[in-house]
Amino acid sequence: CVILATVESGKYEYEVCIFGKATQRDIGQTSGGTQLGTWDKVDIEDGQRMLMWGGGTKCWNGPVRSAEVIVTCGADTKVLTADEPETCRYVFTMESPLGCDEQFKMNNLS
């Protein structure tokens, strides 16, 4: 898997791998963890890029887990936030050149 980013939030660490899995682990845990989903797709809505993972481990009282990374423009790739706005649906915000339009890339990243 190509690790897109790892971020700590609360007592958990999240790892999202493009074309791989999204995982939640206790901080300090080096393997295993709870699968938030496997790579699904890239979605672009109103110019906003979103990376999607689905079909994760089923919650004990709800749906199967899923993860979404909302990508905004930035020179470096880094996850800024991790949140669980609904039961077992995880949303991350990330800065990356992947979120930049071509003009920004030409002006700032060459």
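Could you run through segment 51-110 and say how many residues are modelled with pLDDT under 90, in contact with a Lys or Arg (Cβ under 9 Å, 6 or more places away or on another chain) and under 15 Å from TYR14 (Cβ atoms)?
1
Restricting the search to segment 47-85, which residues are of a type in the set (Val, Ile, Thr) and part of a strand (DSSP E or B)?
Taking segment 47-85 and keeping what is of a type in the set (Val, Ile, Thr), we get 57, 64, 69-72, 77, 79, 81.
Those that are of a type in the set (Val, Ile, Thr) and part of a strand (DSSP E or B): VAL64, VAL69, ILE70, VAL71, THR72, VAL79, THR81.
Report, by residue number, each residue of segment 86-103 that is under 20 Å from THR38 (Cβ atoms), open to solvent by 50 Å² or more (accessible area, probe 1.4 Å) and not in a strand (DSSP E or B).
So in segment 86-103, the residues under 20 Å from THR38 (Cβ atoms) come out as 86-92, 94, 98.
This time we only want the ones that are open to solvent by 50 Å² or more (accessible area, probe 1.4 Å), so: 86-87, 89, 98.
Of everything in segment 86-103, those that are under 20 Å from THR38 (Cβ atoms), open to solvent by 50 Å² or more (accessible area, probe 1.4 Å) and not in a strand (DSSP E or B) turn out to be THR87, LEU98.
When you look at SER9, is it within 14 Å of the chain's Cα centre (by Cα), open to solvent by 20 Å² or more (accessible area, probe 1.4 Å) and modelled with pLDDT under 85, yes or no?
On the way: within 14 Å of the chain's Cα centre (by Cα): yes; open to solvent by 20 Å² or more (accessible area, probe 1.4 Å): yes; modelled with pLDDT under 85: yes.
Taking the combined requirement at face value, the residue satisfies it.
Could you list, in sequence order, all residues of segment 17-67 that are within 12 Å of the chain's Cα centre (by Cα), open to solvent by 50 Å² or more (accessible area, probe 1.4 Å) and aliphatic (A, V, I, L, M)?
Passing the criteria: only VAL42.
Out of THR34, THR57, THR93, THR30, I need the residue that is out of contact with any Ser or Thr (no Cβ under 6 Å at 6 or more places or on another chain) and among the hydroxyl-bearing types (Ser, Thr, Tyr). Which one? It would help to see each step written out before you state the result.
Values: THR34 fails: out of contact with any Ser or Thr (no Cβ under 6 Å at 6 or more places or on another chain); THR57 fails: out of contact with any Ser or Thr (no Cβ under 6 Å at 6 or more places or on another chain); THR93 fails: out of contact with any Ser or Thr (no Cβ under 6 Å at 6 or more places or on another chain).
None of the other options fit; the residue is THR30.
The values are calculated or read from the model by the stated rules, or taken from the named source; none is laboratory data. Since the model is a prediction, treat every value here as computed from it, not as a measurement. Every residue, glycine as well, gets a Cβ built from its backbone with ideal geometry; the counts of neighbours run over all protein chains shown. The area values use the complete protein model at the heavy-atom level, side chains included, leaving out ligands, DNA and RNA. Shrake-Rupley method; radii C 1.70, N 1.55, O 1.52, S 1.80 Å.
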